[in-house]
1. Can you name every residue in region B:133-150 that is surrounded by 20 or more Cβ atoms within 10 Å (Cβ to Cβ) and either at the interface with chain A (Cβ under 7 Å from one of its Cβ atoms) or in contact with a Leu (Cβ under 8 Å, 6 or more places away or on another chain) (or both)?
2. Taking A:Thr116 as the residue in question, decide whether it is more than 14 Å from chain B (Cβ to nearest Cβ), over 30 Å from the mean Cα position of the chain (by Cα) and modelled with pLDDT under 95.
3. Report yes if B:Met113 is more than 8 Å from every other protein chain (Cβ to nearest Cβ) and free of Cβ contacts under 8 Å to residues at least 60 places away in the same chain, otherwise no.
4. If a residue has to be free of Cβ contacts under 8 Å to residues at least 60 places away in the same chain and under 29 Å from B:Leu130 (Cβ atoms) to count, how many in region B:211-230 make the cut?
5. Counting only residues that are within 14 Å of chain A (Cβ to nearest Cβ), crowded, with 18+ Cβ neighbours inside 10 Å, part of a helix (DSSP H, G or I) and of a type in the set (Val, Ile, Thr), how many does region B:182-239 have?
6. Could you list, in sequence order, all residues of region A:51-105 that are touching an Asp or Glu at 6+ places or on another chain (Cβ under 8 Å) and more than 10 Å from chain B (Cβ to nearest Cβ)?
7. Among the numbered conditions (1) more than 14 Å from the chain's Cα centre (by Cα); (2) among the small types (Gly, Ala, Ser); (3) away from chain A (no Cβ under 13 Å), tell me where B:Gly118 comes up short.
8. Taking the options A:Lys327, A:Lys347, name whichever one is in contact (Cβ under 8 Å) with a residue 24 or more places away in the chain and either more than 30 Å from B:Ser147 (Cα to Cα) or crowded, with 23+ Cβ neighbours inside 10 Å (or both).
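The values are calculated or read from the model by the stated rules, or taken from the named source; none is laboratory data. Only a predicted model underlies this, so the values are computations on that prediction, with no experimental measurement involved. So basically every Cβ, Gly included, is an ideal-geometry build from the backbone, and we count neighbours across all protein chains shown.
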Amino acid sequence: MNQHIVWRMDNVSPLRIEIASLGAKETVAVRGPLTLPYATELAERMGSLTADRPVCIDLSGVTRFDTSAAWVLMKLQHRITAADQDIEIIGAGDGPASLLKTVALAMPHPTDVVRTPLALVDRLAGLGEAVAGGIRFLLALIGYFGVFLSRLARSIRHPSEFRFTALVHHCEEVGFKAVPIVALMAFLIGVVLAFQGSAQLRQFGAEVFVVDLIAISILRELGILLTSIIVAGRSASAFTAAIGSMKMREEIDAMRSLGLDPAMILFVPRILALFIMLPILGLVANLMGLLGGGLMAWVELGISPAMFATRLVDGTDVSHVFVGMIKAPVFALIIGVVGCHAGMQVKSNAESLGQMTSASVVTAIFAVIVADALFSIFFAQIGV
Amino acid sequence: MTLTNPSREVVISIRGLRNQFGSQVVHENLDLDIYRGEIVGVVGGSGTGKSVLLRTIVGLNPPAAGSVTVLGDDVLDEEDTTRHNAEARWGVMFQDGALFSSLTVRENVEVPMRAVEGLDPEIRSALADLKISMVGLPYLAGDKYPSELSGGMRKRAGLARALALDPPILFLDEPTAGLDPIGAAEFDVLIRGLSRALDLTVFLVTHDLDTLHAVCDRIAVLADHRVLVSGTMRDMLAVDHPWVHEYFHGPRARAALDTKKSANRPTGS
């Protein structure tokens, strides 16, 4: 028994099963290998035996025998004895006999799990559960924001506890290293706006208004919103993955047991770095967007850079820049808090790390867009 | 203490093995034979390359030099057919079970069986249940995900997956590490029982002196980049090498030996 498995190379089965009825008794002679690849065949043939007379199984011609065969024979034995007939297994060598005994002891007894159909009440309860979960999630985020604020206040009172090196490191990671992608993105958005805008405005001979179009849309909305979305994708996931893997390997617990405050060490530098760097990234995006738009306006519509600049200064109120930039720190806080919170929710397995990382990106982007919409309504109401 | 014994069938044969990471030599001219049906425990200090040896035999770590033959096939031969054939000949249980976390325990055990052509899915799932039951897990554990199991249960589930194809050789990496003494002793009994019932050849890497006493037929000691000695527990006690002497005569070894003696006495053996 227990040779290695022979992979079936052809359709000719070396298994020979002969079923003969001798008097009132059914005799099954099995020859050949009884291993996993032949388990299906064996099970089918054994299933065809009727349980209305005694059965004798002769294994003397079996060359190999593994647990799958033992399982099939045990299943058969259960079925035959359940029908009050005798079953006899003869010709099994020492190996197969001991294997049969082991498998007989280990036969699983399925425990029926009672499944009740979902009633309307259960569905309602599920809905309520989901709503309550959503509210709990929001409260938890607010709680994390509060923790961040309290630790920030603490680091003002006790500056020695503040991790300045970590802050600089994270500023480089979330800010400086994001400049190329943010700049390229904003430049291309500027190009696209100029191109699309000119195609439409040309119909009215109002090409020059493309400058207003580019300036207002980029400065007020797109520059900072798209930057936030890119940063949410880059940094929220990085925060979650970094904090989550520390949580997974119990590093966070180790910190707590050493009297170190994870919020002070992990959250404050990360969120503060975003808070500082996102407005700067937004400014970079604004400039690059205007540059891209101006370039395209020059190429496509012949609006010279000097004219673009004049038109920009005359026609666009500086309040648009402020409206855009004031959103940046808020978005930064949202991204940072969501990223850190998701990292702390990671359990001790690799799968939850992946789940929380993608959840943190989706939540951060979604929350940023919701916040942007709320800002729009607010500014429309106060008439800025 | 002999390395070769011509009267028994050799299933794993390692000759002149050399493993090296950068300038750090782990194994140098290492020879080892494993015979059919025996349970070999590999011990050695930290950094002597016990796990590296296991990984080399199962083909996860290509060595710098030497040959590894399992059941007559060269493991290091790159030809896929040989490898494919060889992979059905052994099961490996990694330290923490290494279960696929996105699959339930039953699905984990079914993974190796999926490669078997013509196996009915219902039979496959029932056989997985049988393997789960054979390693001593309750029936309902089959529906659980690895993250919902305790460390000991994960190890058992990993063992069930390693045994899915009824391999003749079983590799165990630190089978009792991280288990409480009762769980570890149960696991020792399980390995011993399964290896007898399924006629397994077992290669296990361990630190656990109790496991060595309770399970292993033969002990191989890794030191000075090679297999320093191999033999029974009695042979080990007579070895003069400082590390081996310290290991098998230290306070923990004596305690393990005492438990073994007192456990044997009431049964009259």
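1. B:Ser133, B:Met134, B:Val135, B:Ala141, B:Pro146
2. The answer is yes for A:Thr116.
3. Working: more than 8 Å from every other protein chain (Cβ to nearest Cβ): no; free of Cβ contacts under 8 Å to residues at least 60 places away in the same chain: yes.
Criteria not met by B:Met113.
4. 1
5. Total satisfying the criteria: 1.
6. Within region A:51-105, A:Arg53, A:Pro54, A:Val55, A:Cys56, A:Ile57, A:Ile80, A:Ala83, A:Gln85, A:Ile90, A:Gly91 qualify.
7. For B:Gly118, the exception is condition (3).
8. On the way: A:Lys347 fails: either more than 30 Å from B:Ser147 (Cα to Cα) or crowded, with 23+ Cβ neighbours inside 10 Å (or both).
On inspection, the qualifying residue turns out to be A:Lys327.
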